[in-house]
């Protein structure tokens, strides 16, 4: 179960990093060098684990900033115009060529 919580934390931390880069006004509310504790609405198991992790990593006297999120939007691909090429035998076909041979 710890492995699942760790994976979830990696995803949340990555998304949090993106969010603060895209929303500097939000980042400005967080004290400099604060220990950030991510909390997910309705996920007490993760929240407890996250608080424990933060407590173990926290430096003496360090401020704590709790960041509560409602969840994550569904993941979406960020690929730009992907193309497929299929190789069969000696000939490589592009997606367009396959579509015209039917």
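Counting helices only, and only those DSSP H runs with n ≥ 4, report the 222 nm mean residue ellipticity of the chain as the sum of -39,500 (n - 2.57) divided by its residues, in deg cm²/dmol to the nearest 500. Helices in the chain give a 222 nm mean residue ellipticity of -13500 deg cm²/dmol.
Annotation for residue 3 and residue 81: the two label points, set 7 Å from Cα along the Cα-Cβ direction, are 4.1 nm apart.
The slack in the chain from residue 58 to residue 29, taken as 0.36 nm per residue of separation less the alpha-carbon distance, amounts to 8.5 nm.
DSSP beta bridges fully contained in the chain are about 40 percent antiparallel.
Throughout, read-outs are computed from the coordinates displayed, never taken from laboratory work. Quick caveat: nothing in here was measured; it's all calculated off a predicted structure. Note: ideal-geometry Cβ built from the backbone for every residue, glycine included; neighbour counts use all protein chains shown.
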